[in-house]
Amino acid sequence: MLIWRQQHPELRWDWNKIDTNDIHFPKEFLWGVATAAHQVEGNTDNNNWSAWENARDENCQPRIKNNQKAGLACDHWNRYREDILLMQELGVQAYRFSVEWSKIEPREGEFDEAALQHYREVCDALLAAGLTPMVTLHHFTHPLWFEQKGAFEKTENIALWIRFCERVFQALHEKVNLWCTINEPEVFASQGYFQGVFPPGKKDPERTGVVLKNLLEAHTQVYQAIKRLPGGDQARLGLVKDIFQFDPDNRWNIFDWLISRKLKHLFTNSILEYFRTGHFGFSIPGMVHLEHFNAEAPRTLDFIGLNYYSHLRVKFQFNPQEFFIFKFLPDEIMTDMPYPIYAEGFYRAIKTLAQLQKPIYITENGIADARDDRRELFIRRYLYAMSRAMQDGSDVRGYFYWSLLDNFEWAEGYDMKFGLYEVDFKTQQRRLRDGAKAFVKTVRRK
Ligand code: BGC
């Protein structure tokens, strides 16, 4: 084991010597839970994902595991009042959710007042329950008509998204201060345009770079547009950044090291650089080279959101089809997703984002654990890591657990159980999981 450890030098703490009850959070720290529209609302059947759920790949296989579809999901559209009671039962003070563009603007230029009214009512119900709403404007889904126009592949389409955001802002700004513009632009771009496992299922490095560049540009422009609107000066807007560290499997292997460095740059450093300097550079030798500059970018973050789950260890292999794979250490505790519990990485990710010198909200963190035999350990360790990063000076203002409910986990369908509440999808019954109680205990300790 010692040899393993020398080869894999990433941060590791001795958990036997750590008291995970030794955590400290300021009084005003905002505890919350998070969801996203397509994953919980139900009947989101007019967007890029609903089309994808019915599509087939080049071998005529369904795109989603076991041909699952989001369908009614958690019926959160109709049951949000009941779900707000669950949030109160947890003791949290905030709720991050996304608005479904395809319900608000089902056809280009036609806005559905009833859908906007629905989200007004959700915000009113949250405020009446003493909960702070945090609204995400793009969480992986957009209307089918927008997808058919080329979505964020085309620079000129950014204006269409901004028009939608302005409408939402006008409808909700009196009730909402915290706004997430785009959820995980690098995940959306890489899964949809490089890996091809999210819609539109392309495998095109050049396009991946263009989409990522346009998403960053869209963030910058929407920030400026909203700030110009009445009430805009009150709004706090941020982008949501996912961090999965890419660590070399063997630090003595130059290829492992080079690939992990490249991935780190493509997924994280390129975006941080954009917000530090206005310069965005995205290149993969022989595949894509793209540069973009917007001097305004560094002034377009009131906070940065962090979604953190785990890290991946990169191993080079002599195979032109797949020249690297992800490996795990033999003693790591795996989640149900193909990655381990790695709380030290949460500490590292907070430190990485702290370089931007903006307030940080943890906009997602959670575990898929159908057996509920690792959730408590996960919560204890990750909350400890966050507390330690804060003790060491990082400005974290709040934490949103992913997720309130079991829900539709994109390409994985309903098999991944991320909920603090287990959902029986036949009866729509919700039940608090035992493992979730460690979270409740911390939230209520304030
Ligand atoms: C996404 C969520 C997703 C979660 C768990 C994040 O990348 O924002 O929508 O459910 O990860 O995989």
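The values are calculated or read from the model by the stated rules, or taken from the named source; none is laboratory data. On a predicted model such as this, the values are computed, not experimentally measured, just so you know. Here Cβ is always computed from backbone atoms with ideal geometry, including for glycine, and neighbour counts include all displayed protein chains. Quick note on the areas: whole protein, heavy atoms, side chains included, nothing else; ligands and nucleic acids left out. Shrake-Rupley method; radii C 1.70, N 1.55, O 1.52, S 1.80 Å.
Quick one: in region 301-336, which of the residues that are within 14 Å of the ligand (Cβ to nearest atom) and assigned to a loop (DSSP other than H, G, I, E, B) is least open to solvent (accessible area, probe 1.4 Å)?
In this case the residue turns out to be T335.
For residues that are within 15 Å of S387 (Cα to Cα) and within 14 Å of the ligand (Cβ to nearest atom), tally how many sit in region 350-370.
Number of matching residues: 3.
In this structure, is Y342 in contact with a His (Cβ under 6 Å, 6 or more places away or on another chain) and either surrounded by 17 or more Cβ atoms within 10 Å (Cβ to Cβ) or aliphatic (A, V, I, L, M) (or both)? Let's see the steps before the verdict.
Details: in contact with a His (Cβ under 6 Å, 6 or more places away or on another chain): yes; either surrounded by 17 or more Cβ atoms within 10 Å (Cβ to Cβ) or aliphatic (A, V, I, L, M) (or both): yes.
Yes.
Need pairs with beta-carbon distance below 9 Å; first residue under 14 Å from D83 (Cα atoms) and within region 107-131, second of a type in the set (S, T, Y) and open to solvent by 40 Å² or more (accessible area, probe 1.4 Å); sequence gap 6+ or separate chains.
What qualifies is L126/T132.
Could you run through region 211-245 and say how many residues are part of a strand (DSSP E or B) and more than 16 Å from the ligand (Cβ to nearest atom)?
We begin by selecting, within region 211-245, every residue part of a strand (DSSP E or B); these are 236-245.
So of that shortlist, the ones also more than 16 Å from the ligand (Cβ to nearest atom) come out as 236-237.
Count: 2.
Keeping to region 413-422, report how many residues are open to solvent by 10 Å² or more (accessible area, probe 1.4 Å) and closer than 21 Å to N67 by Cα. Quick ask: steps written out before the conclusion?
Filtering region 413-422 for residues open to solvent by 10 Å² or more (accessible area, probe 1.4 Å) gives 414-417, 422.
The next check asks that each one be closer than 21 Å to N67 by Cα; those that pass are 414-417.
Residues meeting the conditions: 4.
Counting only residues that are in a helix (DSSP H, G or I), among the charged types (D, E, K, R) and open to solvent by 60 Å² or more (accessible area, probe 1.4 Å), which one in region 150-163 is nearest to the ligand (Cβ to nearest atom)?
Among them, the one singled out is R163.
In region 30-43, what residues are closer than 18 Å to C180 by Cβ and either surrounded by fewer than 17 Cβ atoms within 10 Å (Cβ to Cβ) or within 15 Å of the ligand (Cβ to nearest atom) (or both)? Give the steps one after another, and end with the answer.
Here is the first cut: in region 30-43, the ones closer than 18 Å to C180 by Cβ are 30-41.
Of everything in region 30-43, those that are closer than 18 Å to C180 by Cβ and either surrounded by fewer than 17 Cβ atoms within 10 Å (Cβ to Cβ) or within 15 Å of the ligand (Cβ to nearest atom) (or both) turn out to be G32, V33, A34, T35, A36, A37, H38, Q39, V40, E41.
Can you name every residue in region 285-300 that is assigned to a strand (DSSP E or B) and open to solvent by 30 Å² or more (accessible area, probe 1.4 Å)?
Residues of region 285-300 that are assigned to a strand (DSSP E or B), as a first pass: 288-293.
Listed by number, the residues that qualify are H289, E291, H292, F293.
Which one of these is open to solvent by less than 30 Å² (accessible area, probe 1.4 Å), closer than 18 Å to T335 by Cα and at pLDDT 95 or above: A370, A385? Spell out the reasoning first.
On the way: A370 fails: open to solvent by less than 30 Å² (accessible area, probe 1.4 Å).
Within the list A370, A385, the selection yields A385.
One residue is enough: does region 120-142 have a residue meeting the conditions touching a helix residue (DSSP H, G or I) at 6+ places or on another chain (Cβ under 7 Å), acidic (D, E) and away from the ligand (no atom under 16 Å from the Cβ)?
no
Select from region 50-97 the residues that are in a loop (DSSP other than H, G, I, E, B), open to solvent by 40 Å² or more (accessible area, probe 1.4 Å) and aliphatic (A, V, I, L, M) and list them in ascending order.
Matches in region 50-97: L72 only.
Among the residues of region 391-439, what is the count of those that are assigned to a strand (DSSP E or B) and either away from the ligand (no atom under 16 Å from the Cβ) or touching a Lys or Arg at 6+ places or on another chain (Cβ under 6 Å) (or both)?
Step one: of region 391-439, the residues assigned to a strand (DSSP E or B) are 396-402, 405, 421-424, 429-432.
Next, from what is left, pick out any that are either away from the ligand (no atom under 16 Å from the Cβ) or touching a Lys or Arg at 6+ places or on another chain (Cβ under 6 Å) (or both): 396-398, 400, 421-424, 429-432.
Within region 391-439, residues that are assigned to a strand (DSSP E or B) and either away from the ligand (no atom under 16 Å from the Cβ) or touching a Lys or Arg at 6+ places or on another chain (Cβ under 6 Å) (or both) number 12.
Can you tell me which of E166, E147, E184 is under 22 Å from I104 (Cβ atoms), charged (D, E, K, R), open to solvent by less than 50 Å² (accessible area, probe 1.4 Å) and away from the ligand (no atom under 16 Å from the Cβ)? Don't jump to the end; show me each part of the working.
On the way: E166 fails: open to solvent by less than 50 Å² (accessible area, probe 1.4 Å); E184 fails: away from the ligand (no atom under 16 Å from the Cβ).
Result: E147 is the single residue among E166, E147, E184 that is under 22 Å from I104 (Cβ atoms), charged (D, E, K, R), open to solvent by less than 50 Å² (accessible area, probe 1.4 Å) and away from the ligand (no atom under 16 Å from the Cβ).
Among the residues of region 1-32, how many are touching a strand residue (DSSP E or B) at 6+ places or on another chain (Cβ under 6 Å), modelled with pLDDT of 95 or more and not hydrophobic (A, V, I, L, M, F, W, C)?
Qualifying residue count, region 1-32: 1.
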